[in-house]
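The values are calculated or read from the model by the stated rules, or taken from the named source; none is laboratory data. Because the structure is predicted, anything quoted here is derived from the model rather than measured. When we count neighbours, we look across all protein chains shown, and the Cβ atoms used for this are built from the backbone with ideal geometry, even at glycine.
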Amino acid sequence: MNSKKRVLLLIGSPKQQNSTSESLGNYLIEKLQTQGFESESLFIHKVLKSDDRRNMLLTAINNTELIIIAFPLYIDCLPYLVIKMMELVAEDRKGKKDLMKQRLVCIVNNGFPEPHQNDTAVAICRQFAKETGFNWAGGLQLGEGEAINGKALHEAKGMARNVIKSLDLAAVALSENNPIPQGAKKTMAKLIVPAWLYRWMGGMKWKRDSKKHGVKKQLYNRPYST
């Protein structure tokens, strides 16, 4: 393994810390470190705040062999922060002929029971790679991301067993210059808990939070019904 290979994790969650995106991305780059990669992690919401930080972001991307973007699903799409970052990268790379050989990977998580809700977001990342000169190395799609809730995967214990197995498979493939295998994608897409239980837990959380904020009696309001 070439010890000079570099991996860059771009965390696309707007949360300041302890997001599920960060948890998933951190586990993958830690595994890649054991395969000889040097790593760097950047929070996209932080590097967009000034010209200096944006230039630092572009420099980091242009000098890294493997780019991983980890983000939550926002209405079938990427968060604004990730889209803005992609626009900056596309503009920076426009017309450049001397780009190093690079690979792009994405990890998308959502709050729904169905992992396929992430299909459109992954397709956007794949198209971004095509239009900006990256080699597309695949995307991982996780449903029920709220079950992880920003915990480190080893702290999530058995609930994260398939997530861990998927990322382990992905790390081995990526370290060998291969795309993420189908086995890793299918394993990541397995439900963390049964869908009915996830929905029930979500409903309980809504009721608990509404009570906390004094709006429990308004949960079933229908202000626009006729």
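Structure notes:
- Per this entry, ASP168 is counted among residues that are among the acidic types (Asp, Glu), surrounded by 14 or more Cβ atoms within 10 Å (Cβ to Cβ) and either touching a residue at least 12 places away in the same chain (Cβ under 8 Å) or farther than 19 Å from ILE29 by Cβ (or both).
Conditions (1) closer than 17 Å to THR20 by Cβ; (2) over 12 Å from the mean Cα position of the chain (by Cα), marked per residue:
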| site | (1), (2) |
| --- | --- |
| LEU99 | no, yes |
| ASN109 | yes, no |
| PRO115 | yes, yes |
| PHE134 | no, yes |
| ASN149 | yes, yes |
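- GLY158 meets each of the listed conditions (1) out of contact with any helix residue (DSSP H, G or I) (no Cβ under 8 Å at 6 or more places or on another chain); (2) farther than 20 Å from ASN26 by Cα apart from (2).
- Some residue of the stretch 112-134 being surrounded by 19 or more Cβ atoms within 10 Å (Cβ to Cβ) and basic (Lys, Arg): no
- The number of residues in the stretch 132-148 being at positive phi and at pLDDT 95 or above comes to 1.
- Residues (among the hydrophobic types (A, V, I, L, M, F, W, C), in contact (Cβ under 8 Å) with a residue 40 or more places away in the chain and within 16 Å of PRO14 (Cα to Cα)) located in the stretch 84-128: MET85, MET86, ILE107
- For the stretch 74-131, a residue qualifies if it is at pLDDT 90 or above and acidic (Asp, Glu), and the qualifying residues are GLU87, GLU91, ASP92, ASP119, GLU131.
Conditions (1) in contact with a Leu (Cβ under 9 Å, 6 or more places away or on another chain); (2) free of Cβ contacts under 8 Å to residues at least 24 places away in the same chain; (3) among the charged types (D, E, K, R), marked per residue:
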residue: LEU28; (1), (2), (3): yes, no, no
residue: LYS31; (1), (2), (3): yes, no, yes
residue: SER50; (1), (2), (3): no, yes, no
residue: ASP76; (1), (2), (3): no, no, yes
residue: VAL82; (1), (2), (3): yes, no, no
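- Entirely in the stretch 112-206, the helices (runs of 4 or more DSSP H) that have 3 or more residues that are under 25 Å from ILE61 (Cβ atoms) and among the hydrophobic types (A, V, I, L, M, F, W, C): 119-132, 161-175
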